[in-house]
Amino acid sequence: MAMVTALVNDRAVVIFSKSSCCMSHTIKTLISSFGANPTVYELDELPNGQQIEKELKKLGCKPSVPAVFIGGELIGGANEIMTIHLKGQLVPLLLKANAIWL
């Protein structure tokens, strides 16, 4: 967990992704559409990507990507992000994490 923790600390929004994953692309596009500039780690392009993916699975990410952290907290994958978006909770979460400003 130490590797994932180090990567998400002090960043408003972090997305763990794979470059070939269409759901990862969708979530990155959604979050960026609100003006956020997420830090994105493409696991299939990182030399230690498999180890990070194992840590994400241990944290409960199934599937492992996309995995979204907002304000240093694991929010979840595509289903969780879409659910909080449809409930009107995504923008307030991004605001609270100082990922976007009004």
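So if I take the alpha carbon set of segment 20-102, get Rg, then get Rh from the Kirkwood formula, what is the Rg over Rh ratio?
Dividing the radius of gyration by the Kirkwood radius yields 0.96.
Note the full-extension length gain between Thr29 and Glu73 as 0.36 nm times their separation in residues minus their Cα-Cα distance, in nm to one decimal. Show your work: numbers first, answer last.
Working: separation 44, 0.36 × 44 = 15.84 nm, distance 1.98 nm.
That works out to 13.9 nm of additional length.
Charges at C-beta only: +1 for Lys and Arg, -1 for Asp and Glu. How large is the resulting dipole of segment 1-65 about its Cα centre, in Debye rounded to 20?
Numbers: 7 positive and 6 negative charges, 46 e Å.
Roughly 220 debye for segment 1-65.
Which lysines, on any chain, are close to Lys54 with Cα under 24 Å apart, when same-chain ones fewer than 8 places away are left out?
Lys18, Lys28, Lys62
In nanometres, what is the gap between the two model label sites at Glu42 and Lys57, each 7 Å from Cα along Cα-to-Cβ?
Each label point lies 7 Å from its Cα, and together they span 2.3 nm.
Under a crude label model (7 Å from the Cα following the beta-carbon direction), how far is Met1 from Ser20 in nanometres?
3.1
Near Lys96, which aspartates and glutamates are there with a Cα under 18 Å away, not counting those fewer than 8 places off in the same chain?
Asp10, Glu73, Glu80
Averaged per residue, what accessible surface does the chain expose to a 1.4 Å probe, in Å²? Display every interim value, and only then the final one.
On the way: 5850 Å² over 102 residues.
In whole numbers, the chain has 57 Å² accessible per residue.
Counting only protein heavy atoms, what percent of the accessible surface of the chain is carbon or sulfur at a 1.4 Å probe? Walk me through the intermediate numbers first.
On the way: 3140 of 5850 Å².
Of the solvent-accessible surface of the chain, carbon and sulfur hold 54 percent.
What ranking do 36-45, 93-102, 15-24 get when scored by the average of other Cβ atoms within 10 Å per residue, highest first? Spell out each step's value before the answer.
Numbers: 36-45: 16.4, 93-102: 14.4, 15-24: 18.5.
With the highest mean Cβ count within 10 Å placed first, the list reads 15-24, 36-45, 93-102.
The values are calculated or read from the model by the stated rules, or taken from the named source; none is laboratory data. Everything numeric in this text was worked out from a predicted model, so none of it was measured. Don't worry about glycine lacking a Cβ; one is built from the backbone with ideal geometry, like all the others, and counts go over all protein chains shown. With ligands, DNA and RNA removed, areas are computed over all heavy atoms of the protein, side chains included. Shrake-Rupley method; radii C 1.70, N 1.55, O 1.52, S 1.80 Å.
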